[in-house]
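Remarks on the structure that follows.
What follows is calculated from the coordinates using simple rules that are stated; it is not laboratory data. Source: prediction; values computed, not measured. Glycine gets a Cβ as well: all are built from the backbone with ideal geometry, and neighbour counts include every protein chain shown.
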Amino acid sequence: ATPTAVMVGTGVGASQGVLIKGGQALEIAHKVNCVVFDKTGILTEGKPVVVSTRLLRPMVLQDFYELVAAAEINSEHPLAKAIVENARKLKADEGKQTWEEARDFVAISGHGVKAIVKKKEIIVGNKDLMLNQKINIPSEAEEMLAEAESMAQTGILVSINGELAGVITISDALKPCAPEVISILKTMKVKSTMMTGDNKGTAYSIAKQVGIETVVAEAKPEQKAEKVKELLAKGYAVAMVGDGINDSPALVAADVGVAIGAGTDIAIEAADIVLMRSNLEDVITAIDL
Ligand code: ADP
Ligand code: MG
């Protein structure tokens with residue numbers, strides 16, 4: 001493209017809320033034939049809500065949530081926010097909205113959290129975390145997890161003093177436009193891939209709903225970048241669409257990193273293109289400019 005074409009493209013992009021950092025990104029965007037989507041916050045709304053809680057021990061639900069919320073209030077994770085929000089609702093009529101002090105809080109990246117609350121050891125997170133912490137997962141809990149995953153929900157396990165105490169299922173709604181965006185990309189002969197730190201079951205259920213066949217689940221941030229590099233090595237011109245801190249290595253690795261305006265500053269910094277309106281449809285606008 002001539003410098004004029006680049007200028008025009010950038011101008012048009014800006015008028016549609018597609019911010020392009022430099023002419024090179026614009027030129028490569030046009031050649032993209034593979035788009036890698038982060039799941040949470042990109043294909044889904046990124047606003048998870050608790051849909052059910054199943055206790056595995058005789059316990060009052062409010063007491064269970066007191067312990068879990070006291071641990072999760074220290075976490076920045078969207079799933080933690082959903083859990084704390086649910087605890088707040090359960091507590092609403094009590095008028096008291098503070099939590100017990102948690103000691104020895106640790107966030108285990110990509111797995112969950114651990115803390116001491118009211119002298120009890122509370123562990124909240126995925127199956128991997130429970131296995132690492134040597135917590136036995138009864139078959140009843142396994143079944144609950146499988147059921148949640150088949151419905152595209154995330155099952156979070158809670159252990160109290162070394163014993164599994166409950167399963168919390170959390171749902172993050174699909175963005176209504178996501179299936180159409182993927183189908184339009186297909187007609188443009190662009191391959192779509194989904195990447196997520198979430199478990200395989202949930203990941204495949206979401207992918208099926210949006211029409212994506214290639215899925216990388218349980219991916220740590222470095223693995224997201226590795227996968228992008230693999231696609232590049234296969235000869236694809238790759239765009240990565242993400243919003244989180246954990247997406248930034250992959251955004252940098254891709255030919256074109258695309259962040260959404262609603263994303264974290266670190267993702268926006270790492271990206272070549274920013275979709276200011278945070279509309280998923282604008283991924284197509286960016287490639288089409
Ligand atoms: P993603 O944001 O793509 O879901 P993460 O790597 O942040 O990926 O998390 C992976 C998984 O680890 C989550 O799906 C969840 O099961 C578990 N997890 C992480 N942080 C927490 C937390 N604070 N509370 C409960 N579970 C968590
Ligand atoms: Mg995300």
message = Test of understanding: given the chain, find the longest segment containing no trypsin sites (Lys or Arg not before Pro) that are in a DSSP loop and have at most 11 other Cβ atoms within 10 Å.
response = 1-95
request  = Looking at the chain, send over the antiparallel percent of its DSSP beta bridges, to the nearest 5.
outcome  = 65 percent
query = Kirkwood Rh, segment 163-283, all Cα pairs: how many Å?
reply = 15.1 Å
ask   = Can you give the calculated 222 nm mean residue ellipticity of the chain, where each DSSP H run of n ≥ 4 adds -39,500 (n - 2.57) and the sum is split over every residue, rounded to the nearest 500 deg cm²/dmol?
value = -12000 deg cm²/dmol
note = Residue by residue through segment 167-172, the couplings from Karplus 6.51 cos²θ - 1.76 cosθ + 1.60 with θ = phi - 60°, in Hz, x for Gly and Pro, are 10, 10, 9, 10, 10, 10
inquiry  = Full-extension gain between Glu143 and Gln16, please, as 0.36 nm times their residue separation minus the C-alpha to C-alpha distance.
reply    = 41.1 nm
task = Taking only Cα atoms and a 10 Å spring cutoff, compute GNM fluctuations for the chain and point out the largest among Pro179, Pro48, Pro138.
result = Pro138
inquiry  = Using a Gaussian network model on the chain with a 10 Å cutoff between Cα atoms, which of Gly110, Gly22, Gly244 fluctuates the most?
reply    = Gly22
message = Run the simple label-point estimate for Arg88 and Leu232 please: 7 Å along Cα→C-beta, distance reported in nm.
response = 4.1 nm
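So between Lys47 and Gln62, what do we pick up on full extension, going 0.36 nm a residue minus the alpha carbon distance? Before the final figure, lay out the partial values.
Details: separation 15, 0.36 × 15 = 5.40 nm, distance 2.28 nm.
Answer, rounded to one decimal: 3.1 nm.
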inquiry  = I'd like the distance between the alpha-carbon centres of segment 216-289 and segment 65-118, rounded to an integer number of Å.
reply    = 31 Å
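Can you tell me the dipole magnitude for segment 49-171 around its Cα centre, using point charges on the Cβ only (Lys, Arg +1; Asp, Glu -1), in Debye to the nearest 20? Walk me through the intermediate numbers first.
Details: 14 positive and 18 negative charges, 57 e Å.
Computed about the Cα centre, the dipole is about 280 debye.
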message = Restricting to Cα pairs below 8 Å that are 6+ residues apart, what does the relative contact order work out to for segment 49-171? Please round to a whole percent.
response = 29 percent
ask   = Among Gly162, Gly235, Gly211, whose mean-square fluctuation peaks in a Gaussian network model of the chain (Cα, cutoff 10 Å)?
value = Gly235
remark   = Along the dipole axis of the chain (charges at Cβ: +1 for Lys and Arg, -1 for Asp and Glu; origin at the Cα centre), the most positive-end residue among Gly162, Ser205, Leu56 is Ser205
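At a 10 Å Cβ-Cβ cut-off, how would you order Glu100, Glu213, fewest neighbours first? Before the final figure, lay out each step's value.
Details: Glu100 16, Glu213 12.
Neighbour counts put them in this order, fewest first: Glu213, Glu100.
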note = For the chain, the longest principal axis of the Cα atoms and the Cα long axis of helix 178-187 enclose an angle in degrees, to the nearest 10, of 30 degrees
query = Roughly what % antiparallel, to the nearest 5, for the DSSP beta bridges in segment 155-289?
reply = 40 percent
request  = For segment 148-230, just say rounded, prolate or oblate: build the C-alpha gyration tensor, square-root its eigenvalues into a ≥ b ≥ c, call rounded for a/c under 1.5, and beyond that prolate if a/b exceeds b/c, oblate if not.
outcome  = oblate
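Let me spell out the model: positive unit charges on the Cβ of Lys and Arg, negative unit charges on the Cβ of Asp and Glu, origin at the Cα centre of the chain. What dipole size does that give, in debye rounded to 20? Mind showing how you got there, number by number?
Values: 30 positive and 38 negative charges, 36 e Å.
Once rounded to the nearest 20, the dipole reads 180 debye.
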